[in-house]
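S.K.: Would you mind keeping the following structure in view while I ask a few things?
The values are calculated or read from the model by the stated rules, or taken from the named source; none is laboratory data. Because the structure is a prediction, the values reported are computed rather than measured. Positions of Cβ are generated from backbone atoms using ideal geometry, with glycine treated the same way; all protein chains shown enter the neighbour counts. With ligands, DNA and RNA removed, areas are computed over all heavy atoms of the protein, side chains included. Shrake-Rupley method; radii C 1.70, N 1.55, O 1.52, S 1.80 Å.
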Protein chains: 2
Amino acid sequence: MYIGIDLGGTNIAAGVVNEAGYIIYKSSVSTLAKRPIDEIVEDMANLCVDIVDDANCSIADIEAVGVGCPGTVDSKSGTVAYSCNLKMKNTKLRAMLEKKLGKPVNLENDANAAALGEYTVNGDNADSFVLITLGTGVGGGVIIDGKPYRGFNCAGGELGHIIINADGEEQCFCGNKGCWEAYASVTALIRRTKQAMQSDSSSMMHKWVQENGEVSGRTAFDCAKMGDKTAKVVVEQYIRYVSYGLISILNIFQPSKILIGGGISKEGDYLLNPLREYVYAGDYNKYREKTKIEAATLFNDAGIIGAALSAQIY
Amino acid sequence: MYIGIDLGGTNIAAGVVNEAGYIIYKSSVSTLAKRPIDEIVEDMANLCVDIVDDANCSIADIEAVGVGCPGTVDSKSGTVAYSCNLKMKNTKLRAMLEKKLGKPVNLENDANAAALGEYTVNGDNADSFVLITLGTGVGGGVIIDGKPYRGFNCAGGELGHIIINADGEEQCFCGNKGCWEAYASVTALIRRTKQAMQSDSSSMMHKWVQENGEVSGRTAFDCAKMGDKTAKVVVEQYIRYVSYGLISILNIFQPSKILIGGGISKEGDYLLNPLREYVYAGDYNKYREKTKIEAATLFNDAGIIGAALSAQIY
């Protein structure tokens, strides 16, 4: 058995995970990210002990521990090279946690860990697999031959920062113009929804916001489903932009399967059917079997499962 | 020893290549691509016999033969699934050539073969490597752990068809708008050069064309070096567009090394220095070692060498 820890800016979530990627027990505590890293590691170790107890097993049953961590993670040296959310720079997180737990620890980038989790449960053992997470940003991970692809410097797989619209107006927080993330994140969808509402005072979306409190990634989708024309335009345009990045990913990787994660993937076929249509139309591959494009299923559990299984692989 | 065949729409080039990727002898014949494929295979086989003779070795010294072929090549089944240039569709090219030569044959996509050739000679045994060829189109190949990355359906690695400018005006021959190829190919450079000349009748580029016959990929570069302002704008804009695709490739792969091939790479540092500057500025990786960006060195030999060595790997 393994422990997977999803170390986020808000919560530390951890689970006892079996070899097949099934979570036996999980729990979480607040990260309180501004604390010294020693204190965070202390809480990570304590959480591991607690969940092993609550899973009715013993620490002796745990083969290894995997940690999914935001930022640039050097798995080889066990170092977090840089993490914006957690104020780590060249932090030897693996050694710190191994000392506390007396178990081998593997560090993995959190997006890679999530991709590995979805791959293990939903990847059909494919030789190539991509997870895209549409959230506050656009994240992703590429699994090749069963392992996360990291790049020579462990900084690869930043799929949200492929440039899809170089001459476009949208500015990405990373400093570039035209990043996929600046068009396909839920943040971008919310921005476009607000713009569309400003231009159409009769849109149903105004009533939706009165009833639901604030504009969210669901506003345009919900109202489009009810027939609101302005909302439909927002949704259609959003799905188009999501498709451009996917077309690039298809034309590069032609993976067996792409899963779309993040809360918006709960829109299901209302998102996926037009998305597949746009992506397959733009796919350079016209003669060979097509990449499957489906919704991810694990949501937040993907990170715990993938982190745990990263410790199994390495 | 191996034979590598670069099967192009115009020429069949073949070479006897040693294990280290050195061409001992090479020659070529015309493809005459409109002929029945049987006749082309006959000429491929005859060329193999001829070059073995001329290399002063015997067919018994040849371990295997590799063929780099344009289009979608299914290396596993030894089939050319589709090739536009050569009118092949589900053609069992491997079996046809093995029957003629009595040697094991491996088929590889031509861009992948070229990437493998450059990787073998200039790749420093890196675990990740990308070749980009800026020519009539934009081609490329990705080498991961010493092997060409193909995708599950062997249609991957179409790097020219990543979308870099979705809302831009340039139409790609593939049907999409915004493909990198529509901005970063020499074809695109020539088109932009002509447009710029139309808007500036005093540009040195008019004189250049009078002296050199027609607009080429060199027109704007040559005149920019001589100080022509309009040519400088064309070159600057072209290099910018080349950089956008490279930024995407870096943010996905973070390969150890990217080599830039095609005739335009002969511009050397005049191309590469500003290109590196733009690419590194847009690289999401700010804290880790940078990908090396250099000019390819093998040009047309890359395809022969890579095809030969693909037969060694598989």
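S.K.: Have a look at A:ILE24, A:CYS69, A:ILE51 and report the one farthest towards the positive end of the charge dipole of the range A:18-71, computed about the Cα centre with Cβ charges (Lys/Arg +1, Asp/Glu -1).
M.R.: Comparing the listed Cα positions along the dipole, A:CYS69 ranks first.
S.K.: Please work out the C-alpha center-to-center distance from the range B:267-307 to the range B:193-232 and express it in whole Å.
M.R.: Value for the Cα centre distance between the two parts: 26 Å.
S.K.: To the nearest 10 Å², what's B:TYR25's accessible area with a 1.4 Å probe?
M.R.: 80
S.K.: For peptide B:286-292, how many partner chain Cβ atoms fall within 10 Å of a residue's Cβ, on average? Can you show the working numbers first?
M.R.: Numbers: counts 5, 8, 10, 4, 2, 5, 1.
Mean inter-chain Cβ contacts per residue within 10 Å come to 5.
S.K.: Can you send over the carbon and sulfur percentage of the accessible area for the range B:183-291, probe radius 1.4 Å, protein chains only?
M.R.: 49
S.K.: Could you give log10 I(q)/I(0) at q = 0.20, 0.22, 0.25, 0.30 Å⁻¹ for the range A:236-297, computed by the Debye formula over C-alpha point scatterers of equal weight, without solvent?
M.R.: After summing over all Cα pairs, the log10 values are -0.71, -0.86, -1.10, -1.47.
S.K.: Copy-to-copy spacing for A:THR10, label 7 Å out on the Cα-to-C-beta vector, in nm, shortest first?
M.R.: 5.9
S.K.: Taking amide H positions as placed 1.01 Å from N in the peptide plane, with prolines and chain starts having none, which residues 5 or more places from A:VAL73, or on another chain, fall under 5 Å of its amide H?
M.R.: Residues meeting the amide H criterion: A:ALA81, A:ASN109.
S.K.: Output the peptides B:114-125, A:198-209, A:255-266 sorted from most to least packed, where packing is the average of other Cβ atoms within 10 Å over each peptide's residues.
M.R.: In descending order of packing, they fall as B:114-125, A:255-266, A:198-209.
S.K.: Pull out a ≥ b ≥ c, the square roots of the eigenvalues of the alpha-carbon gyration tensor of the range B:210-314, then state rounded if a/c is under 1.5, prolate if not and a/b is larger than b/c, and oblate in the remaining case.
M.R.: Note, shape of the range B:210-314 comes out oblate.
S.K.: With a 1.4 Å probe and every protein chain left in place, work out the accessible area per residue of the protein assembly as shown in Å², rounded to a whole number.
M.R.: Solvent-accessible surface per residue comes out at 40 Å².
S.K.: Still on this structure: Let me confirm one metric for peptide A:242-251, namely the mean number of other chain beta-carbon atoms within 10 Å of its residues' beta-carbons.
M.R.: 6
S.K.: Then there is this: Quick one: divide the alpha-carbon radius of gyration of the range A:113-154 by 2.2 N^0.38 Å and tell me what you get.
M.R.: Values: Rg = 10.3 Å, N = 42, 2.2 N^0.38 = 9.1 Å.
Rg over 2.2 N^0.38 Å, computed on Cα atoms: 1.14.
S.K.: For peptide B:175-182, what's the mean number of Cβ atoms from other chains within 10 Å of each residue's Cβ?
M.R.: Shielding by partners across B:175-182 averages 4.
S.K.: Hey, what's the Kirkwood Rh for chain A if you take every pair of different alpha carbons, in angstrom?
M.R.: Here the Kirkwood hydrodynamic radius works out to 20.3 Å.
S.K.: Then there is this: With every protein chain present, what accessible area does B:LEU47 have (1.4 Å probe, heavy atoms only), rounded to the nearest 10 Å²?
M.R.: B:LEU47 has an accessible surface of roughly 10 Å² with all protein chains in place.
S.K.: To one decimal in nm, how far is B:SER27 from the same spot in the other copies, if labels go 7 Å from Cα toward Cβ? Please give the shortest first.
M.R.: The projected label point of B:SER27 is separated from its counterparts by 7.8 nm.
S.K.: By the gyration tensor of its Cα atoms, with a ≥ b ≥ c the square roots of the eigenvalues, what is the shape of the range A:61-119: rounded for a/c under 1.5, prolate for a/b over b/c, or oblate?
M.R.: Since a/c reaches 1.5 but b/c is at least a/b, the shape of the range A:61-119 is classed as oblate.
S.K.: For the range B:60-147, with the dipole built from +1 on Lys and Arg beta-carbon atoms and -1 on Asp and Glu ones, taken about the Cα centre, which of B:LEU107, B:VAL142, B:GLY123 lies farthest toward the positive end?
M.R.: Of the candidates, B:LEU107 comes out farthest on the positive side.
S.K.: Distances in nm, one decimal, shortest first, from A:SER77 to the same residue in every other copy, taking the label point 7 angstrom along Cα→Cβ.
M.R.: 4.7
S.K.: Also: For the range A:145-177, run through the GluC sites (Glu not before Pro) and keep only the ones in DSSP coil with at most 14 other Cβ atoms within 10 Å of their Cβ.
M.R.: In loop regions of the range A:145-177 (DSSP not H, G, I, E or B), the sparsely surrounded GluC sites (Glu not before Pro) are A:GLU169.
S.K.: Same structure again: Can you list the residues, at least 5 places off or on another chain, whose amide H is less than 5 Å from the amide H of A:ALA295, using H built in the peptide plane?
M.R.: Here A:ILE260 satisfy the definition.
S.K.: Provide Rg and Dmax in Å for the range A:69-201, with only Cα atoms included in the calculation.
M.R.: 17.5, 61
S.K.: Kindly compute the accessible surface that chains B and A hide from a 1.4 Å probe when together, both sides summed, and give it to the nearest 100 Å². Don't skip to the end; give the middle numbers.
M.R.: Numbers: alone 14620 and 14670 Å², together 24970 Å².
Looking at B and A, the buried total is near 4300 Å².
S.K.: Return the ratio Rg/(2.2 N^0.38 Å) for the protein assembly as shown, where Rg is computed over Cα atoms only.
M.R.: Taking N as the residue count of the protein assembly as shown, the ratio is 1.03.
S.K.: Let me have the 222 nm mean residue ellipticity of the protein assembly as shown computed from DSSP H runs of 4+ only, each contributing -39500 (n - 2.57), with the sum over all residues rounded to the nearest 500.
M.R.: On the way: 20 runs with 256 residues, N = 628.
Helix contribution divided over all residues of the protein assembly as shown: -13000 deg cm²/dmol.
S.K.: Roughly what % antiparallel, to the nearest 5, for the DSSP beta bridges in chain B?
M.R.: Antiparallel bridges: around 60 percent, rounded to the nearest 5.
S.K.: Calculate the all-directions average of the projected area of the range A:1-123's alpha-carbon convex hull, and give it in nm².
M.R.: Over every viewing direction, the Cα hull of the range A:1-123 projects on average to 6.7 nm².
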